[in-house]
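A.B. asks: After the C-alpha cells below, expect a handful of questions from me.
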Amino acid sequence: MPHIDATYRSLRLTEAQARRELLRITSYDVRLDLASDDSTFASVTTVTFESDGGPTFVDLKPRRVSSVRLNDAELPAGRLDHGRLPIDTLPGTNVLVVDAVMAFRNDGEGLHRSVDPADGRHYVYGMSFMDAAPSIFACFDQPDLKAPYTFHVTAPTDWTVIGNAPGEQVEPGVWEFAQTQPLSTYFVTLVAGPWHLLNDAHDGIPLGLSARRSIAKDLDADADELFTMTGQCFDEFHRLFGIRYPFGNYHQAFVPEFNAGAMENPGCVTFRDPLIFSSRVTRGTRIKRATTLAHEMAHQWFGNIVTPAWWDDLWLNESFAEYMGNRVTADVTQYSDAWTHNAYARRQWGLEADQSPSTHPVAGNGASEASSALQDFEGISYPKGSHILKQLNARLGDEVFFAGAIDHFESHRFGNATMHDLFASWEKAGAGDLSSFTGNWLRTAGPDTISYDRQAHVVRRVPPADHPADRGHMLRVATAGADGSSAAGWQLAELAVETDTTDVELPGRAVVLDPFEDTWALVIPDPDTLDALVDLLPATDDDRLRAGIWNNVRNAFHNAQAAPERVLDLVEAGMPSDDNDYAWSNTVPWAIERVAGLADDPVAALDRIHRTCRQRLTDAVPGSTLQLAAFESAIASTADVDQLRGWLGGDDVPAGLTVDLALRWRVMVRLATLGQTDRDELRRTLGAEPTAVSRVEHDRALASLPDAEAKAWAWNRFLGREPVPNYELEASGLGMWRSGQEELTAPYVDRYFDDLAGTVQVRSGWVLARAARWFFPVTALDETTLDRARRLAGRPDLDLSLRRGVVDSADDLRRAIAVRRTFGSA
Ligand SMILES: [Zn+2]
C-alpha cells in the first residue's frame, strides 16, 4: 500500500503565483537508485535556481530525508511539513541538494512499481502528473516553473531505462540521460524494467515501443500498425502546426496498472497496457487506441511546447488534444470513421457531465488548488471542449485557426500561456472579435435543450436554468416518413435556432435534431419520433445518422423522456441491421447495464436484448469483429447457464469465434453474477493463465458472486484493509453492486456513506476519487439513498474529490429513479 500522508496540502493558485514571482529555475539534476530495494529508492536532487531572495518552500513527499543542503549550509530535515520543506533563498543563484528515500507506489502515481503475475518480473514507471512529482524527486511542483532535467539512474542490470531525453547504459545498470528541453514538473517520467523493446524511425525522429515481456508477442503483432500511425500523425501535425516535434526521441511505453488512457510526457509517452491486445478486439477498440495515440501526439504541441500556467486552463491541453486527436486520426490513418466512433463513444460522456450539478465552464474551471482540478479530467474538458473547438474551427476556417495556433506556439515556445494569450494569437491571425463566442460557449456551463413541438410547429431552445446564456445554434435536422411510410428516405434541412422559439414546420413521422453534432446542445426527440424510429431505424444505412439517432435516444432516456421498453424496442429493431461493431459495443452494453434494470420486468428485458444478440450472431460474417461484439453482449445478457457452460467448453461456439482469454473471463463473470460458479473454479481459471488481465477479471467475478462473503471481501478492499492495485480495486467495486443482488448489498448502502470520508487515510489522487464512484451503491434505487448522498456531499469537511464523485453518482441515481417513477407500472 502506498504511504499516504492524508495531511499533504495541495498547492493553491495563490501559492503558485507567489513562488512564480520569486523564482526562475535553471536546472534539475536527479539521481535515482532503483536497484537496492523493492519498496523504496534513493533520490538525490540538485536544483539550481535564481531567486529575488526570501522564504519559499520546495515540495517533497519522501519516506525519509537523509540530508538537505541549501547553498552549502545543512538544513534540518525536521522542517518538512505537510509535504513542504520551507527554505530561505538568497538573491541571485541558489543551489539546493535534497538527498531522500522515496517509496515506490502502487496506485498509478509517483514511481509505480508492480509485479507481473504472469512471470514475476518487476516494472517501474513514473507518473508525475498533478501532485505526484514530489514523491519521485524534490521540486517546485507547478506547471509554470519549467526547467531542463538531467537524469542519472541506477537499475538492476537486466533492466532498460527510458526517460524524457535519450539515454544510454554507460556501465552495467548505470544509465545516463541527455539534458531535456525545459519541462514542467508534471511531464517528468522514466520507465524502467526488463521491457520488450522495438525501435523504428520516421522523418528523422527515433521511435520506440515497449511493453512487458509477457505480452511481447502481442506488441510485436501490432507494432506495424502503431509505428505507421505514429509516422502518419507526425506528418500531419508537422503540416498543420508548422513546427517540428522538438523533444528528440518519441517513445511510446505501454505500462501496467496505468490510471488514465495515457500521459503525454515529452519523449516518453505512457499508455495503459490493456491497449496492447492479448485477445481479439473490435475495430472500435482499435480506433480508441488510435485516437489516444494521436491525442498524446497533439499534446506535444498543446501542452508540452506551450503549457497552461495553471490548472484552470487545462482545457487548453485536453480539449485541443481531443479535437486534434480525432481529426488527425480520421484524416490520415486507416480509421477514417474516427468521428463516427467518437459520436458513439464520447458524446454522451460530455453531455451527461454537462447536465450534472457538477458541470462547469470549459474554460476557467475555477480550480483554486491542484488536486481539485484533477476532477475536471472529464466529459467537459474532453468531448465538450473538443466540440466547441470544432465549432470554432468551422467558424474561423483552417487558415486562421492554425495561424493563431502557430503564433501561440512560437510566442510561448517552452514556456507557459493562458487562454487570453491564445485568443490574442487568434485575433492577430484575423479571427476578429471572439468575445461573444468565448462568453457563450467557453465561459458558460451547461447545454441548451432543443426540442421540436409538433402541435405548435416550433423548435424550442431552453438555456440551463443555472447558467443563462444567449447562444445561437446552426444545425441540421433529419426528417423521414413525411408520407407516413416506413421507408427511411431521410430528408436533411438546415435550421438556425437563434431565439427561444423558432417557427418551423418539420414534416415527418420522425424529426431528429442535430444528428451530425453540428452544435453542442441537449436535443430531445418527441414521443412520436421515438415511436416512428422503431420502423425507420432498421432501414437507415448512414452510420453517422444512426449514431446521431442513438444519441437522441440516449438523451431522452437520460432525462426520463423515453421508456425503457421503448429503448428496448429500438435495440430490437435497429441492432440486427447494424454492421458497425462499435455501434454494438457502445449501444448494447448501455442497454444491458443502464436500461434493462429499469424496465418493469428486468429479466424479460435482458432476454429481449439477448435474443437480438443471438440473431446478429447467427447472421454476422463468421470471424468478423461485428460477430465478436455481438457475442460479448450475448454473454453479458444471457441467463442460460447451460449455454454459458457450453461456450466455456468450446461447444456450440459460432463458427469464426474462439473463446480466448478475454471471452472466457466474460463468461466467468456472467456465471459468477448468476451464482453459477464458485471460488475454486475462479481460482483454477486464474491459475490456468495467471496474466494481469486474468487477475483483474478474477477479482471482478469474485466480487460479483451473490453471497455475503464476496461482498464483505470487496468491501474490505474499499476500506483499504488489504493492499490492492488500482485495476483490481476498480473491478472489485464494479463487480460488487449487481442488479438482482440488492438484498445482499443492502447493508453496504449505509456503510458507503459512513466510510467514504475516511478513505483519504488509505489512498490519494486519482484512485481516491475514482473509488468513490466504483463503490457507490448504484443499485440502491430509492430516495433514502439519494438523501444520504446529498447529505454527505453537503458535509463541509468532505474531501473535494470525494464530494465530486458523490455528486455525480447521485445524479445518475436520481435519473434512474426518475425513469422508474415516470414509466414503472408499480
Ligand atoms: Zn490528454
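Where a number appears in this text, it was derived from the coordinates with a stated rule and is not lab data. The structure displayed is predicted, hence computed values, not measured ones. Cβ atoms come from the backbone with ideal geometry, glycine included; neighbour counts cover every protein chain shown.
A.B. asks: Taking the 0 to 90 degree range and rounding to the nearest ten, how far is the long axis of helix 602-619 tilted relative to the main principal axis of the chain, both from C-alpha atoms?
C.D. replies: Taking the Cα atoms of the chain, the angle to 602-619 is about 90 degrees.
A.B. asks: Per residue, what volume in Å³ does the convex hull of the Cα atoms of segment 620-709 enclose?
C.D. replies: On the way: hull volume 8.1 nm³, N = 90.
Residue-normalised Cα hull volume stands at 90 Å³.
A.B. asks: How would segment 320-473 be classified by its alpha-carbon gyration tensor: rounded, prolate or oblate, with rounded meaning a/c under 1.5 and the a/b versus b/c comparison settling the rest?
C.D. replies: rounded
A.B. asks: Quickly estimate the mean residue ellipticity at 222 nm for the chain, helices only: each DSSP H run with n ≥ 4 gives -39500 (n - 2.57), and the total goes over all residues, rounded to 500. Before the final figure, lay out each step's value.
C.D. replies: Working: 25 runs with 332 residues, N = 826.
That comes out to -13000 deg cm²/dmol.
A.B. asks: Against the empirical 2.2 N^0.38 Å scaling, what ratio does the C-alpha Rg of segment 704-806 come to? All intermediate terms of the calculation are to be shown ahead of the outcome.
C.D. replies: On the way: Rg = 12.8 Å, N = 103, 2.2 N^0.38 = 12.8 Å.
In units of the 2.2 N^0.38 Å rule of thumb, it is 1.00.
A.B. asks: Then there's this: Please give the Cα centre distance for segment 749-770 versus segment 586-654, rounded to the nearest Å.
C.D. replies: Between the Cα centres of segment 749-770 and segment 586-654 lies a distance of 34 Å.
A.B. asks: Compute the convex hull volume of the Cα atoms of segment 502-565, divide it by the residue count, and report the result per residue in Å³ as a whole number.
C.D. replies: 100
A.B. asks: What number comes out for the charge environment of ARG476, summing +1 per Lys or Arg and -1 per Asp or Glu over other residues with Cβ under 10 Å away?
C.D. replies: It works out to a net charge of -4.
A.B. asks: Moving to a separate point now. Can you give me the pair-distance distribution of segment 195-302, C-alpha pairs, 5 Å bins, whole percents?
C.D. replies: 2, 12, 24, 27, 20, 10, 4, 1
A.B. asks: Still on this structure: For helix 283-299, report the angle its Cα long axis makes with the longest principal axis of the Cα atoms of the chain; keep it between 0 and 90° and round to the nearest 10°.
C.D. replies: 40
A.B. asks: If you add up the charges near LEU568, with Lys and Arg at +1 and Asp and Glu at -1, over every other residue whose beta carbon is less than 14 angstrom from its beta carbon, what do you get?
C.D. replies: Numbers: positive: ARG554, ARG566, ARG594, ARG608, ARG611; negative: ASP531, GLU565, ASP569, GLU572, GLU593, ASP600, ASP601, ASP607.
Spelling it out: positives minus negatives among the neighbours equals -3.
A.B. asks: Could you give P(r) for segment 453-542, binned at 5 Å from zero, as whole percent values over all Cα-Cα pairs?
C.D. replies: For segment 453-542, the pair-distance distribution reads 3, 14, 24, 25, 18, 10, 5, 2, 0.
A.B. asks: What ranking of ASP581, ASP543, ASP331 emerges when the number of other C-beta atoms within 10 Å of each C-beta is taken as an exposure proxy, fewest first?
C.D. replies: Values: ASP581 25, ASP543 18, ASP331 15.
Taking fewest neighbouring Cβ atoms as first place, the list is ASP331, ASP543, ASP581.
A.B. asks: May I ask you to compute the full-extension gain from ARG413 to ALA260, defined as 0.36 nm times their residue separation minus their alpha-carbon distance, rounded to one decimal in nm?
C.D. replies: On the way: separation 153, 0.36 × 153 = 55.08 nm, distance 2.67 nm.
Computed gain between ARG413 and ALA260 is 52.4 nm.
A.B. asks: Let me check I've understood the local charge: for LEU226, count other residues with C-beta under 10 angstrom from its C-beta, Lys and Arg +1, Asp and Glu -1. What total comes out?
C.D. replies: Working: positive: ARG289; negative: ASP200, ASP222, ASP224, GLU225.
Here the charged neighbours net out to -3.
A.B. asks: Based on other C-beta atoms within 10 Å, arrange TRP339, TRP311 from fewest to most. Could you put the intermediate results ahead of the total?
C.D. replies: Numbers: TRP339 20, TRP311 25.
If I rank by nearby Cβ atoms, fewest first, I get TRP339, TRP311.
A.B. asks: Report, to the nearest 10°, how far helix 661-673 tilts away from the longest principal axis of the Cα atoms in the chain, using its own Cα long axis and a range of 0 to 90°.
C.D. replies: Tilt of helix 661-673: around 70 degrees.
A.B. asks: Further question on the same structure: Of the lysine pairs in the chain, how many meet both conditions: Cα atoms under 29 Å apart, and a spacing of 8 or more in sequence or different chains?
C.D. replies: On the way: LYS61/LYS146; LYS146/LYS428; LYS217/LYS288; LYS288/LYS384; LYS288/LYS390; LYS384/LYS428; LYS390/LYS428.
The result is 7.
A.B. asks: If N is the number of residues in segment 77-217, what value comes out of its Cα radius of gyration divided by 2.2 N^0.38 Å? Provide the component values of the computation, followed by the final result.
C.D. replies: Numbers: Rg = 16.9 Å, N = 141, 2.2 N^0.38 = 14.4 Å.
Relative to the 2.2 N^0.38 Å estimate, segment 77-217 comes out at 1.17.
A.B. asks: For a footprinting-style exposure proxy, rank HIS295, HIS202, HIS558 by other Cβ within 10 Å, fewest first. Walk me through the numbers before you get to the answer.
C.D. replies: Values: HIS295 27, HIS202 16, HIS558 21.
Result, fewest neighbours first: HIS202, HIS558, HIS295.
A.B. asks: Shifting gears a bit: Quick check on the chain: what does the Kirkwood estimate of hydrodynamic radius come out to from the alpha carbon pairs, in Å? List each step's numbers first, then the result.
C.D. replies: Details: mean 1/r = 0.0357 Å⁻¹.
Mean inverse Cα-Cα distance, inverted, gives 28.0 Å.
A.B. asks: Using label points projected 7 Å from each Cα along Cα→Cβ, tell me how many nm separate ASP72 and HIS457, to one decimal.
C.D. replies: In this crude spin-label approximation the distance works out to 9.0 nm.
A.B. asks: I would also like to ask the following. Would you please classify the overall shape of segment 278-362 from the alpha carbon gyration tensor, given that a ≥ b ≥ c denote the square roots of the eigenvalues, rounded means a/c under 1.5, and beyond that prolate means a/b larger than b/c while oblate covers the rest? Numbers along the way, then the final one.
C.D. replies: On the way: a/c = 2.27, a/b = 1.29, b/c = 1.76.
In terms of gyration-tensor shape, oblate.
A.B. asks: Still on this structure: Which shape class, rounded, prolate or oblate, goes with segment 25-64 when its Cα gyration tensor gives a ≥ b ≥ c as root eigenvalues, a/c under 1.5 marks rounded, and past that a/b bigger than b/c marks prolate? Show your work: numbers first, answer last.
C.D. replies: Working: a/c = 5.68, a/b = 2.09, b/c = 2.72.
Oblate is the answer for segment 25-64, as a/c is 1.5 or above yet b/c matches or exceeds a/b.
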